[in-house]
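The values are calculated or read from the model by the stated rules, or taken from the named source; none is laboratory data. What you see is a predicted model, and the numbers here were worked out from it, not measured in a lab. Please note: Cβ atoms are built from the backbone with ideal geometry, for glycine as well, and neighbour counts cover all protein chains shown.
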Ligand SMILES: [Zn+2]
């Protein structure tokens, strides 16, 4: 199928497919006249690219993930799993904090040891600058 049909099935613009072709190595065949000719396998791979993009993966990461034999693939997957686990831990801590605050009996949360502990442990905050002395 031509690029317009493939792009239509994926819900993206044709220039996006040309960009993904370069960045992810999904290279369609060519018709005798030189037009891009996508197979169903190309479309399936491009659906994977679209899904990976929607959850924030970069095109280079996607290129590595697409094929089992790519160098660096395991590292990309390990880093993504670590990021997911870190996000899950942050969400669990945020949920626990809010459940605690809902029931907290202190008039100011800064006077509560549990509330303060959460604020100090917030992993999304930058580390405290170290003293120059
Ligand atoms: Zn509290």
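Under 6 Å between Cβ atoms, which residue pairs at least 6 apart in sequence (or on different chains) link something in segment 82-102 that is farther than 25 Å from residue 57 by Cα with a partner that is part of a helix (DSSP H, G or I) and at pLDDT below 95?
Qualifying pairs under 6 Å: 97/118; 100/114.
Identify, please: which residue in segment 101-116 is more than 8 Å from the ligand (Cβ to nearest atom) and assigned to a loop (DSSP other than H, G, I, E, B) and is, among those, nearest to the chain's Cα centre (by Cα)?
The residue in question is 108.
When residues of segment 22-40 are filtered for being within 14 Å of residue 53 (Cβ to Cβ) and either in a helix (DSSP H, G or I) or without any contact (Cβ under 8 Å) to a residue 24 or more places away in the chain (or both), how many remain?
Matching residues across segment 22-40 total 2.
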